[in-house]
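This report concerns only the one structure given below.
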Ligand code: ZN
Ligand code: ZN
Ligand code: FE
């Protein structure tokens, strides 16, 4: 029967700040629906009245044609009281606490806008085109509520045409705060200050420069990029030289998926991630060679597709199919966002600086991700992800989590949510620290956040720890690896006892030694250290991360003593033999040789021993190079021993030395080494399951950015009946620590412990 009824529809997911309410409105008009739509804490609620047939069509459309950046996690619909509404309205968010969840991450330009660039008279080739479904968000927001005058668009007054679109609820630009056209919006600026609002003309010019081997500094969405050909070695070398960049691999941009598939091996799931509106840099396997200096003989390269309208325009004009797209900064400092900084700092690197006259307010780097076991794994969570909240089942209100030191993020607690900052960087210099402090102030204002409890790492020297300590508020300190495990638990809403495997490079333990190869029994409140990698001295302290050969030396000395160094493979480790007595003295007399159980150090040692990487020019280079040479066909493994709680690698090193002497290929040795760690993960998990009855295993820590280790560990544990949880929403590296700290502090608060 076709008579008027009413339905109450509740939609949860990412439905706020992404143009979802106008979208519902347009569908309502389309199907002659009366009633209302509103935002609330839970998501979006719709009261819809019409005939049964119209309602059915309306609901089908609602679920299936949603805006690109929106996603529905749950959709419920039930019959409700019929009021006989005469029109359909969007209810205003009355509550500011609702509004805070409406800060959307930045969204890649949508296909409809790219089409409009060719057809709309006032936006032909206009490179700042956007709509409710796409465009800048977080990077331009200064305050809430999210209104144009509270963004860096406030300098640009809407022209009559744009104003009409902005006010017309049936228009795709209805209430699109950054709406603009060539008559009223921002424009690009050449080095001489000349404004250009025709993106195609600018693209023509820049494409020529790039094809000729020039380096360009181009203002992006969240900061400046340096771009140049990725196929011309001389150019890339010049960029590296001018940027004084260490050996870090660089990301590249290609025009589209087709070109990506030509140069790289792209899986189905990788294609989806590459083209998602979040547009992260995705690590994929190389196929055709690029200029050697781009990925420096690593087997994977970070690839990204265009996400600003001008990226599309530029890529369309280029003859060069692959370009380097690396952040415009001086090494170790945050990505540059202001035109003045660009002019002072990038002038010596780039041949041309292209800017635009809209301010970037919130500095945001490109995010970096890879796929493992069909799931997205974040290495850096920034543009396209921040500041999207992560829901917890704990009251986090007022808790500030300071994060760790490397690849820092912080987190603030609002209600039952964690809001993580964008990627801040390595908190090791004043520039990064001031970015951290500035972002803290901005998050406080933007999210109406009043801190009442600080939580930080145990390490007293981390600048994040000092920041928390100096706040004058109560401080909770959390052990680093406990935070890693809690981070993974929090994103999976786990609040119980688990087996936690935390493998990473460095974190201060409760016994004042360095930890990092940890098997914990943990819950959100507390943990105990069940098993751990055999601690070894690190002669030279921090220096070992730059000189992995030191760690390899220490392992061999630890297990086999001095006699081992008559063997060729061991002797080769030292840059020169004269260093031997000094190193031994350091270790024997415990001079600047802290004990470490770090998994990262074990990777370093094996990498150095094989001659794959003895000196490291960027963070985690040695483990990355070791992973890159794995022969995936090799199923072999080495032996290990348990000595009480300690996992000893004596036999592993003995066998590796033997393999080296017998000329087993480095690819096979690397595989056997990784396979051993995977078997250890299984073996210890089984022991702990027998002891405790716990069947849930949590994997976290930076070493799980190693795709081989992660995929095989997950698989082997699942095969043995374990429930396995690994990180997807936040990085398993120290960028995810703040979430773990926040969850632990919230739990302790709930229990009345802090
Ligand atoms: Zn759009
Ligand atoms: Zn306009
Ligand atoms: Fe860590």
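What to note about this one:
- Residue match in the stretch 676-698 (condition: under 24 Å from the mean Cα position of the chain (by Cα) and not assigned by TED's automatic domain parsing to the domain that holds residue 609): yes
- Selection of first residues in the stretch 338-353 that are within 14 Å of residue 226 (Cβ to Cβ) and of second residues that are surrounded by fewer than 18 Cβ atoms within 10 Å (Cβ to Cβ), restricted to Cβ pairs under 6 Å at least 6 apart or on distinct chains, gives the following pairs, ordered by first then second residue: 345/330; 349/242; 351/214; 352/191; 353/191.
- Condition met for residue 476 (under 24 Å from residue 678 (Cα atoms), under 26 Å from the mean Cα position of the chain (by Cα) and more than 16 Å from ligand 2 (Cβ to nearest atom)): no
- Those helices (runs of 4 or more DSSP H) lying entirely in the stretch 148-247 with at least 2 residues in the same structural domain as residue 311 (by TED's automatic domain parsing), touching a strand residue (DSSP E or B) at 6+ places or on another chain (Cβ under 7 Å) and away from ligand 3 (no atom under 16 Å from the Cβ): 199-211, 233-243
- Count - residues of the stretch 447-461 that are out of contact with any strand residue (DSSP E or B) (no Cβ under 7 Å at 6 or more places or on another chain) and on the phi < 0 side of the Ramachandran plot: 4
- Matching entry among 699, 709 (being at pLDDT 95 or above and farther than 19 Å from residue 491 by Cβ): 709
- Flag for residue 500 being within 17 Å of the chain's Cα centre (by Cα), within 21 Å of residue 699 (Cβ to Cβ) and modelled with pLDDT of 95 or more: no
- Each residue in the stretch 163-204 was checked for being in contact with a helix residue (DSSP H, G or I) (Cβ under 9 Å, 6 or more places away or on another chain), free of Cβ contacts under 8 Å to residues at least 24 places away in the same chain and away from ligand 2 (no atom under 16 Å from the Cβ), and 1 pass.
- Look at (1) surrounded by fewer than 24 Cβ atoms within 10 Å (Cβ to Cβ); (2) within 16 Å of ligand 3 (Cβ to nearest atom); (3) in a strand (DSSP E or B) and you find that residue 515 fails only one, number (1).
- Some residue of the stretch 518-532 being closer than 24 Å to residue 382 by Cβ, within 16 Å of ligand 3 (Cβ to nearest atom) and out of contact with any helix residue (DSSP H, G or I) (no Cβ under 8 Å at 6 or more places or on another chain): no
The values are calculated or read from the model by the stated rules, or taken from the named source; none is laboratory data. Predicted model only: the values in this text are computed from it and were never measured. Every residue, glycine among them, receives a Cβ derived from its backbone with ideal geometry; neighbour counts consider all protein chains shown.
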